[in-house]
Structures are given as structure tokens and as C-alpha cells.
Amino acid sequence: MSAASGISASEDLLREFSDAVTDRNIRFLKIAIQNEALVPQGSWPSKAADLSSDLTQLDEILLQDTPAYILARLDTGEEWLFISYVPDTAKVRDKMLYAASRSALVKALGGQAVKDTLFATSKKDLTPDAYAAHLRHVAAPKPMSAREAELAEIQAAERQSSTAFEGSRARKNHVGAGVGVVWTAEVEDAVKSLAAGEGANLLILGIASESEGVRVIETKEAAVNSLQSALPRAEPCYAFYRWQPEKI
């Protein structure tokens with residue numbers, strides 16, 4: 001596969017990467033650009049129990065002023081860390097070539113195998129401490145844009161509003177909600193009579209403050225157009241109205 005720079009992965013590289021995938025002892029595979037091609041420059045086995053400790057090998061594998069790519073096997077054994085090593089002291093043309101060829105190389109090797117990417121401009125960026133800082137950065141929450149921050153504030157406000165509404169609704173709907181509200185025999189008889197079509201067509205109930213039980217405030221006859229004036233003005237209530245459509 002050719003990169004935007006015209007640099008492509010050589011057959012030797014593809015073959016050596018395939019061998020490295022199979023050989024679980026291989027920790028590092030070094031890749032360089034030579035003669036307009038991406039070629040392998042050697043592989044190194046694991047010397048430590050984890051990648052972080054093995055990174056000390058890179059001090060000898062990499063040259064001070066020469067760019068290179070490193071594929072480092074992660075501790076999972078099946079995934080790789082792609083290291084783009086482009087020193088600040090490298091030649092400008094080399095920096096441009098390695099920058100332009102990076103993504104095409106990853107695709108040529110099978111992008112799914114590369115779990116993470118690390119950019120280094122000096123060997124100091126490839127120490128165990130530097131790698132630990134990189135992992136913390138990857139795991140940290142990503143900074144939000146101004147629009148994302150605004151949306152997050154709106155969503156937080158909506159959650160608070162919803163919580164307040166649910167609390168208010170719970171207080172309003174406590175009657176018959178399984179919290180021990182008492183329905184007296186008087187209330188039960190009044191509701192049954194209303195449903196059976198007996199007596200007045202308007203039943204008004206309220207909450208007894210001393211017992212927090214339901215009580216009958218009043219029963220009366222009322223026309224549909226006078227319901228508002230028939231309800232108590234000085235206290236909250238529940239109203240049950242037996243409506244009968246007019247016969248035509």
C-alpha cells in the first residue's frame with residue numbers, strides 16, 4: 001500500500017511483521033524508510049515481564065537524530081503500540097516523510113492490530129515514566145468544546161429539574177400510593193354511592209391534617225358549568241364528579 005508520500009511497505013516488512021505476530025516472544029519491531037520504501041530494521045525479544053519495563057531497550061535500538069517507527073507488543077500479547085519516533089534534531093525532509101507515511105503504514109499492517117499510538121520527539125519520551133504519563137493522558141476525560149460544555153450544562157440542569165419534579169410528584173401522589181393513607185368507611189361508602197349513581201353527583205375529599213387520612217369534605221349537586229365555583233377555595237381537595245351526557 002502506498003502512502004501520500006509515495007512510500008510503501010516492502011514485502012520484507014509485511015513478512016517480518018507476520019512472523020512477529022506469530023512469535024509472542026518478540027517485543028519490538030523497528031521500521032525505517034529506505035530507498036522510498038518502508039523496511040524492517042530488526043526485531044527484539046522481551047526481556048522484562050511488561051512493556052513499561054522493556055521500554056529501556058529503546059535507548060539502544062533508536063538513534064539520537066534518526067527517525068524510525070517502532071511496533072511494541074502490548075502486554076495483552078495480541079495488540080501493538082505504534083511508536084512514531086521523530087526527533088526534533090532530525091532533518092526536515094525526514095520529518096515530513098515519516099509524518100506523511102505513518103497512517104498508510106498502520107493500514108498496511110492491519111489497523112485493527114494497532115491499539116494505541118505514541119509520538120516521541122526524543123528518547124526521553126519513551127521511558128517507563130513517560131509511558132505511564134501517556135496512559136494517564138489516554139484514560140483522562142477528553143476536553144470539551146464550548147458547545148459540548150454548554151450541552152453538558154443543559155443536560156445537568158435537566159437532570160436536576162427532573163429529580164425535583166419526581167420528588168414533587170411523589171409528594172402530590174401520596175394518596176393511595178402504598179404509604180399508609182387511611183380511607184375511612186365514610187369515604188369508601190361515598191365513592192361507592194357516587195359510582196352507583198346514588199345521591200349527589202359531586203364528591204369532594206380532602207386530607208385530615210391530624211391523621212393524614214382521607215376525609216369527606218362535602219357532597220353536592222353541581223352542573224358542569226359550575227364545577228369551578230363548587231370547589232373549596234381555601235383548601236386543596238380531590239373532586240369526583242359523576243357526569244351524565246344529556247339525552248338528545
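The values are calculated or read from the model by the stated rules, or taken from the named source; none is laboratory data. On a predicted model such as this, the values are computed, not experimentally measured, just so you know. Using ideal geometry, Cβ is built from the backbone for each residue, glycine included, and neighbour counts are taken over all protein chains shown. What goes into the accessible areas is simple: the full protein's heavy atoms, side chains included, and nothing from ligands, DNA or RNA. Shrake-Rupley method; radii C 1.70, N 1.55, O 1.52, S 1.80 Å.
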Exclusive hit being over 19 Å from residue 28 (Cα atoms), over 32 Å from the mean Cα position of the chain (by Cα) and of a type in the set (A, V, I, L, M, F, W, C), set 97, 58, 62
97
Can you give me the number of residues within the stretch 31-74 that are assigned to a loop (DSSP other than H, G, I, E, B) and either in contact with an Asp or Glu (Cβ under 8 Å, 6 or more places away or on another chain) or open to solvent by 70 Å² or more (accessible area, probe 1.4 Å) (or both)?
13
Which members of the stretch 113-125 meet the condition of being within 14 Å of residue 18 (Cα to Cα) and either part of a helix (DSSP H, G or I) or of a type in the set (S, T, N, Q) (or both)?
113
Tell me whether the stretch 13-23 contains one or more residues that are of a type in the set (Lys, Arg) and over 15 Å from residue 121 (Cβ atoms).
yes
Would you tally the residues in the stretch 134-157 being surrounded by 10 or more Cβ atoms within 10 Å (Cβ to Cβ), among the aliphatic types (A, V, I, L, M) and at pLDDT 80 or above?
2
Restricting the stretch 206-219 to residues that are more than 50 Å from the chain's Cα centre (by Cα) and open to solvent by 50 Å² or more (accessible area, probe 1.4 Å), the one nearest to residue 241 (Cα to Cα) turns out to be 219
Right, residue 124: within 20 Å of the chain's Cα centre (by Cα) and either within 17 Å of residue 55 (Cα to Cα) or free of Cβ contacts under 8 Å to residues at least 60 places away in the same chain (or both) or not?
no
Return a yes/no flag: does the stretch 190-209 have any residue that is part of a loop (DSSP other than H, G, I, E, B), within 16 Å of residue 235 (Cα to Cα) and modelled with pLDDT of 70 or more.
yes
Of all residues in the stretch 88-113 being without any contact (Cβ under 8 Å) to a residue 40 or more places away in the chain and either of a type in the set (S, T, N, Q) or farther than 15 Å from residue 33 by Cα (or both), the one that is surrounded by the most Cβ atoms within 10 Å (Cβ to Cβ)
110
